[in-house]
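Novice: Got a structure for you, questions after.
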Amino acid sequence: MKRTSILLGAAAAMAMSPLAAWADGHLARGGSGHLNIIYWQAPSTLNPYLSGGTKEVESASLVLESLGRFDDTGTLVPWLAADIPTVENGGVSEDLTQITWTLQEGITWSDGTPLTAADAVFTWEYCTHPEGGCAQASYFDGVESIVAVDDLTIEITFNAPTPFPYTALVGAESPIIQAAQFADCLGARAPECTEANFGPIGTGPFVVTEFRPNDVIEFAANDSYRVPDQPHFATVTFKGGGDATAAARSVLETGEFDYAWNLQIDPTILSQMEAQGNGTVVTAFGTSVERLHLNQTNPDPALGDLRSTVEGGPHPFLTDPIVGQAMSMAIDRALIVEIGYGAGGQPTCNVLPAPEAYASTANDGCLVQDIAGANALLDEAGHVDTDGDGIREYNGVPMTVLYQTSTNAVRQDTQALVKQWWEEIGIGSELRNIDASVFFGGDPASPDTFQKFYADVEMYTNNFAGVDPQAYMANWRCSDIPGPDTQWQGANIQRFCAEEYDALVDEMAQTADLAERGRLAMAMNDMIMQSYSIIPLVHRGGVSAHANTLGGVRMSDWDTELWNIAEWHRIP
Amino acid sequence: MLTFTIRRLILAIPTLLFISFIIFLIVKLSPSDPTAGLPLTIPPEVREQIRESLGVNDPVFVQYFKWLKLMMWDEPLHLIWVEDGWLYRFEDYLYAREICPHPPHLTQLERTDLFPDGDYNSCIFDEYGPRIISYQTRSPVMELILQRMPQTLWVVGTSYIVGILIALPLGIISAYRQYSWFDQLGTFVSMIGFSVPTFFTGVLFIVIFAVNLGWFPSVYDTTLEVTDWETFKQQFRQMIMPVMVLGLFNASQISRYMRASMLDNLNQDYVRTARAKGLSESVVVLVHVLRNSMIPVVTVIALNVPAVFGGAIITEQVFKVNGIGQLLIIAIQAGDVPVVQTVSFIFAVLIVLFNLLADILYGVLDPRIRYD
């Protein structure tokens with residue numbers, strides 16, 4: 001026995017030694033050679049401030065960096081900054097209106113010039129210019145000023161106490177751009193700077209060598225990157241085009257590419273592809289939840305202009321939590337996940353499912369389907385079928401809903417399943433799907449947008465960027481209800497309104513203590529869940545795939561998936 | 001013939017203006033929003049600002065006339081510069097005259113090398129007149145089109161030529177030996193090519209030749225430049241699947257026309273006369289019959305040429321060729337009105353021009369047809 005283990009040990013040592021030597025070569029700067037990435041939606045520009053799409057933010061993150069970033073566990077880590085300012089270390093003022101960041105010393109742009117606090121100030125000016133149409137302007141919301149105290153010190157002042165000050169210049173969405181390069185590109189002139197927008201100079205591990213909009217980007221290692229051995233890859237091809245299935249195939253079947261993003265395809269097909277052994281499917285869960293919104297106002301077409309507005313009056317039966325509860329109990333979330341989402345989804349009972357500190361466990365009863373219980377609940381409340389057509393009546397109104405969502409194979413499968421379950425509890429439904437560009441388009445003239453909500457129930461996914469839910473939970477304030485007077489803008493889509501809820505929102509905006517913020521967020525989540533104005537279905541994750549020869553991937557949904565690309569390397 | 005051509009060209013102007021206006025109305029009035037594709041985390045106020053900065057909120061007629069002026073006046077100035085009887089691309093001219101300090105189309109690395117101080121932004125195109133700007137990329141639409149032309153012409157153009165080269169002999173022999181096994185087989189193949197959609201044949205080809213056999217790449221590399229034998233082989237390998245998929249479709253269509261037209265002519269009296277004169281079969285078929293049969297076929301071929309420039313939306317997507325077709329479909333999905341409008345308008349111009357060309361070719365092929 002002993003001899004065997006010695007022999008095994010020797011064999012392992014023999015095997016390891018050449019490997020180690022070999023790995024050294026691969027872990028030098030550029031030692032891993034060429035990396036092929038496929039994003040089937042191709043980036044249109046490399047300036048995330050001009051686009052706002054995920055594809056542009058992620059591709060630009062190879063070049064542009066911010067002060068701090070979220071790692072794969074959702075923890076804020078210093079990136080260009082020396083450390084994360086907090087109240088404890090004095091970086092955040094006691095009254096929560098000021099945060100002071102210090103840049104690491106010696107960081108240079110890829111053109112060799114030093115990165116200074118002036119670049120950060122310029123970035124703020126660039127994005128908040130009134131004529132620029134900056135897509136990430138919300139990251140600078142509440143910022144009164146950004147001042148360069150000295151070359152390395154950036155002082156951000158907010159116009160109100162801000163318990164979570166890590167928004168401006170934090171995360172992949174609001175990186176620092178070079179003042180020298182973009183100086184002539186402020187405001188309305190932003191689109192004129194095609195060369196700068198297509199080839200921003202950055203501090204990141206790679207530099208752009210060629211950019212073809214909506215097609216392909218070529219990157220090369222940045223010689224002046226601050227970590228000596230990184231990036232391990234010398235060059236990167238970032239190809240776009242095709243569709244999710246083709247992207248998955250190119251990594252898992254043909255092996256032409258090393259990394260493919262956003263593979264929201266039939267889970268059976270994806271696992272068949274993975275079974276071929278060329279690559280691995282990776283998932284990461286952020287805050288995305290596929291949910292049903294139950295209209296709390298009356299969408300009856302007879303109301304004309306008043307339909308789906310607060311003035312039009314409450315919904316005939318969906319404002320009753322008993323109804324929403326029964327509808328929620330009838331749904332088998334695990335089956336929806338199995339059919340439509342596979343590894344990319346988990347059943348959830350919360351609209352705020354993550355981060356850990358904010359996730360409530362009070363509603364987990366919904367994870368088990370209970371059709372009999374739902375029927376009993378409605379029977380007890382007296383909402384029974386009085387005319388024998390199989391549909392219950394609620395105070396004489398037949399409980400039939402118009403259930404709409406965007407056109408998408410998985411969503412239509414879900415709709416069909418839910419319709420069937422609701423029929424079993426005596427709630428009829430009419431299904432409708434609307435092209436995504438119209439549904440999410442926000443055109444105030446169109447009757448089919450999700451904001452107008454000319455339906456009883458609608459389904460889509462929403463999430464928040466980063467890790468702090470304060471702004472997200474503020475979506476459901478009474479004042480955020482969309483209506484004709486606000487051009488149907490407003491995030492309180494289901495038109496939920498409760499004074500106690502608004503009070504919690506205000507309290508959270510004044511609270512800095514993390515544990516207390518967690519308690520408040522959970523209380524708000526539970527309040528919405530128990531109003532049954534939102535029925536959460538699936539906690540959705542990002543699904544990507546990488547070749548088995550690609551090492552160092554730490555998939556994250558808190559920041560860009562490519563956040564640690566400098567550490568990626570080739571495995572022999 | 002010249003008067004006819006000039007008359008037709010002049011008539012084309014109101015036609016094209018009308019087409020451009022109709023396209024604009026269709027694109028504009030259809031429910032689309034350039035910010036629809038953005039994540040829901042971007043708040044409505046910011047979306048409104050983006051729309052404002054793109055000019056989406058201007059009145060429809062103002063937007064149309066702005067576009068028309070850019071398309072008819074500014075863009076031609078940008079693309080073509082006449083000096084001393086030479087045509088230049090405007091950017092090349094600026095560089096040649098040292099008005100612009102850097103050569104056009106430099107890569108980022110080359111720029112950094114040439115201009116370490118970072119003053120390469122000093123040649124901002126807007127100083128030389130406004131251009132049509134895409135909503136998605138915020139860059140000139142014409143540059144996008146020029147960038148996509150090579151791969152579209154390579155792939156779709158080659159497939160068209162391949163299609164014609166297959167179709168003509170196939171149609172001629174099929175007609176000459178009507179109901180023979182060759183004719184039956186040709187009919188069978190062209191029916192398949194005609195009725196099976198390219199998104200099916202494309203994926204089938206990929207599964208067979210890229211996944212199972214591993215012969216050809218499934219993703220087209222648009223950055224590949226053919227400089228030597230090795231890169232030529234690479235280009236050949238990546239083109240063969242899309243070219244064959246599209247070529248099969250084109251060949252099916254044209255060969256049916258060729259066969260039908262040959263059959264019409266083979267039974268004509270002049271063919272009997274030619275044979276009676278003792279002309280050889282090859283001369284009868286390939287000179288007398290073929291020339292007369294070509295008239296309808298030439299029309300079909302000429303009228304389909306604009307489609308080559310239009311790219312092949314589905315096939316380009318399947319093989320990730322990212323040419324004009326993909327540019328158009330992405331722009332439609334993203335509500336990118338300037339790109340959709342400009343690309344569609346260029347198609348319209350090409351269709352009008354090739355219609356004219358087909359009419360002129362009739363006169364060349366058939367001396368009886370005269371327009372003046």
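Novice: Determine the share of chain B's accessible area contributed by carbon and sulfur atoms, expressed in whole percent, with a 1.4 angstrom probe.
Specialist: Looking at chain B in its full context, I get 69 percent from C and S.
Novice: Heavy atoms only, probe 1.4 angstrom, no DNA, RNA or ligands counted: give me A:Lys55, B:Lys69, B:Lys277 ranked by accessible area, highest first. Display every interim value, and only then the final one.
Specialist: On the way: A:Lys55 40, B:Lys69 110, B:Lys277 150 Å².
Greatest to least solvent exposure: B:Lys277, B:Lys69, A:Lys55.
Novice: Further question: Give me the extension gain from A:Val310 to A:Asp71: residue separation times 0.36 nm, minus the current Cα-Cα distance, reported in nm with one decimal.
Specialist: Length difference between fully extended and current span is 81.9 nm.
Novice: Along the charge dipole of chain A, pointing to its positive end and built from +1/-1 on Cβ of Lys, Arg, Asp and Glu, which listed residue (A:Gly340, A:Pro484, A:Gly52) has its Cα farthest out?
Specialist: Highest projection toward the positive end goes to A:Gly340.
Novice: Divide, for region A:37-79, the radius of gyration over alpha carbons by 2.2 N^0.38 Å, where N is the residue count. Could you put the intermediate results ahead of the total?
Specialist: On the way: Rg = 11.6 Å, N = 43, 2.2 N^0.38 = 9.2 Å.
Scaled against compact globular proteins, the figure is 1.26.
Novice: Return the distance in nm (one decimal) between the two label points of a simple spin-label model at A:Leu335 and A:Asn278, each offset 7 Å from Cα along Cα→Cβ.
Specialist: 3.6
Novice: Given a 10 angstrom Cα cut-off, can you work out which residue in B:Leu279, B:Leu68, B:Leu357 is the most mobile in a GNM of chain B?
Specialist: In the Gaussian network model the winner is B:Leu279.
Novice: In percent, how large is the relative contact order of chain A, given Cα pairs closer than 8 Å and 6 or more residues apart?
Specialist: 19
Novice: Could you give the size of the charge dipole of region A:222-368 about its Cα centre, using +1 on the Cβ of each K and R and -1 on the Cβ of each D and E, expressed in debye and rounded to the nearest 20?
Specialist: 100
Novice: How big is region B:144-254 on each of its three principal axes, counting only the C-alpha atoms and giving the largest first in Å?
Specialist: Cα extents, longest axis first: 47, 31, 28 Å.
Novice: Follow-up. Dipole size in debye (nearest 20) for region B:154-272 around its Cα centre, Lys and Arg Cβ +1, Asp and Glu Cβ -1?
Specialist: For region B:154-272, the charge dipole is close to 360 debye.
Novice: Per-residue counts of other Cβ atoms within 10 Å, averaged by peptide: what ranking do you get for A:565-572, A:365-372, highest first?
Specialist: A:565-572, A:365-372
Novice: For a quick check of your reading of the filter: which chymotrypsin sites (Phe, Trp or Tyr not before Pro) in region B:156-241 sit in a DSSP loop and have no more than 11 other Cβ atoms within 10 Å?
Specialist: Loop-located and lightly packed - B:Tyr179, B:Trp215.
Novice: So, one more: Under a plain spin-label model, where a point goes 7 Å from the Cα along Cα-to-Cβ, how far apart in nm are B:Arg291 and A:Cys478?
Specialist: Each label point is offset 7 Å from its Cα along the Cβ direction, giving 9.0 nm.
Novice: OK, next. Sorted by mean Cβ packing within 10 Å, highest first, what order do the peptides B:243-255, A:194-206, A:433-445 take?
Specialist: Values: B:243-255: 23.7, A:194-206: 25.3, A:433-445: 19.1.
Highest-to-lowest ranking by the protection proxy: A:194-206, B:243-255, A:433-445.
Novice: Would you rank A:Trp40, B:Trp73, A:Trp421 by solvent-accessible area, highest first, keeping every protein chain in place and using a 1.4 Å probe?
Specialist: Sorted descending by solvent-accessible area, the residues read B:Trp73, A:Trp40, A:Trp421.
Novice: To one decimal place, what Kirkwood hydrodynamic radius in Å is obtained for region B:209-248 from all pairs of distinct Cα atoms?
Specialist: Its Kirkwood hydrodynamic radius stands at 10.7 Å.
Novice: May I pose another question? As a check on your grasp of the helix formula, calculate [θ] at 222 nm for chain A: sum -39500 (n - 2.57) over DSSP H runs of n ≥ 4, divide by the residue count, round to the nearest 500.
Specialist: So the helix-based figure for chain A works out to -7500 deg cm²/dmol.
Novice: In addition: Where Rh is the Kirkwood radius over the Cα pairs of region A:75-187, the temperature 25 °C and the viscosity 0.890 mPa s, what D in µm²/s does Stokes-Einstein return?
Specialist: D, rounded to a whole number, is 171 µm²/s.
Novice: When each pair of different Cα atoms in region B:145-365 is counted once in the 1/r mean, what is the Kirkwood radius in angstroms, to one decimal?
Specialist: Mean inverse Cα-Cα distance, inverted, gives 19.2 Å.
Novice: So which residues of region B:26-44 lose at least 30 Å² of accessible area, probe 1.4 Å, when you go from the chain by itself to every protein chain present?
Specialist: B:Pro31, B:Asp33, B:Ala36, B:Leu38, B:Pro39, B:Leu40, B:Thr41, B:Ile42, B:Pro44
Novice: Just to verify a number: what accessible area does A:His539 come out at with the full protein assembly present, 1.4 Å probe, Å² rounded to tens?
Specialist: Around 20 Å² of this residue is reachable by solvent.
Novice: Accessible surface of B:Ile172 in the full protein assembly, 1.4 angstrom probe, to the nearest 10 Å²?
Specialist: 30
Novice: Right, next: Taking N as the number of residues in region A:431-549, what is its alpha-carbon radius of gyration divided by 2.2 N^0.38 Å?
Specialist: Cα-based Rg divided by the globular estimate yields 1.24.
Novice: Would you kindly state how much longer the chain becomes between B:Leu2 and B:Thr231 on full extension, computed as 0.36 nm times their sequence separation minus their alpha carbon distance, in nm to one decimal?
Specialist: 77.9 nm
Novice: So if a site counts as exposed when it's one of the GluC sites (Glu not before Pro), its DSSP state isn't H, G, I, E or B, and it has at most 12 other Cβ atoms within 10 Å, what's the longest stretch of chain B without one?
Specialist: Excluding the exposed sites themselves, the longest stretch runs over B:226-372.
Novice: Can you tell me, using C-alpha contacts under 8 Å and at least 6 residues apart, the relative contact order of chain B as a whole percent?
Specialist: RCO, chain B: 24 percent.
Novice: In peptide A:211-221, what is the residue-averaged number of other protein chain Cβ atoms found within 10 Å of each Cβ?
Specialist: Counting other chains' Cβ atoms within 10 Å and averaging over A:211-221 gives 6.
Novice: Highest first, please rank the peptides A:124-131, A:400-407 by the mean number of other Cβ atoms sitting within 10 Å of their residues.
Specialist: Peptide ranking by packing, descending: A:400-407, A:124-131.
Novice: On to the next question. Starting from the alpha-carbon convex hull of chain B, give the projected area averaged over all orientations, in nm².
Specialist: Details: hull surface 105.0 nm².
Value for chain B: 26.2 nm².
Novice: Write down, largest first, the equivalent ellipsoid semi-axes of the protein assembly as shown in whole Å, where each equals the square root of 5 times an eigenvalue of the alpha-carbon gyration tensor.
Specialist: 51, 37, 31
Novice: Separate question: Across peptide A:237-245, what mean number of C-beta atoms from other chains lies inside 10 Å of a residue's C-beta? Numbers along the way, then the final one.
Specialist: Numbers: counts 3, 0, 7, 4, 13, 11, 3, 0, 1.
Neighbouring Cβ atoms belonging to other protein chains average 5 per residue here.
Novice: With the crude spin-label approximation of a point 7 Å out along Cα→Cβ, what separation in nm comes out for A:Arg189 versus A:Ala498?
Specialist: Rounded to a tenth, the inter-label distance reads 5.2 nm.
Novice: Note down the accessible area of B:Met191, probe 1.4 Å, to the nearest 10 Å².
Specialist: For B:Met191, the solvent-accessible surface is approximately 90 Å².
Novice: If you count only protein heavy atoms with a 1.4 Å probe, what accessible area per residue comes out for region B:145-365, rounded to a whole Å²?
Specialist: It amounts to 45 Å² per residue over region B:145-365.
Novice: Over all residues in A:168-181, what is the mean tally of Cβ atoms on other chains that come within 10 Å of each residue's Cβ?
Specialist: 1
Novice: Can you find, among B:Gly335, B:Trp154, B:Gln253, the residue sitting farthest towards the positive end of the charge dipole of chain B, where Lys and Arg contribute +1 and Asp and Glu -1 at Cβ?
Specialist: B:Gln253
Novice: Rounded to the nearest 20 debye, what is the charge dipole size of the protein assembly as shown about its Cα centre when +1 sits on each Lys and Arg Cβ and -1 on each Asp and Glu Cβ?
Specialist: Working: 50 positive and 107 negative charges, 1051 e Å.
About 5040 debye.
Novice: Hey, another quick one. Relative contact order for region B:145-365: what percent, with Cα pairs under 8 Å and sequence separation of 6 or more?
Specialist: With pairs under 8 Å counted, the relative contact order is 30 percent.
The values are calculated or read from the model by the stated rules, or taken from the named source; none is laboratory data. For clarity, every value in this text was computed on a predicted model and none was experimentally measured. In this analysis, Cβ positions are derived from the backbone assuming ideal geometry, glycine residues included, and neighbour counts consider all displayed protein chains. Calculation scope for accessible area: heavy atoms of the full protein, side chains included, ligands and nucleic acids excluded. Shrake-Rupley method; radii C 1.70, N 1.55, O 1.52, S 1.80 Å.
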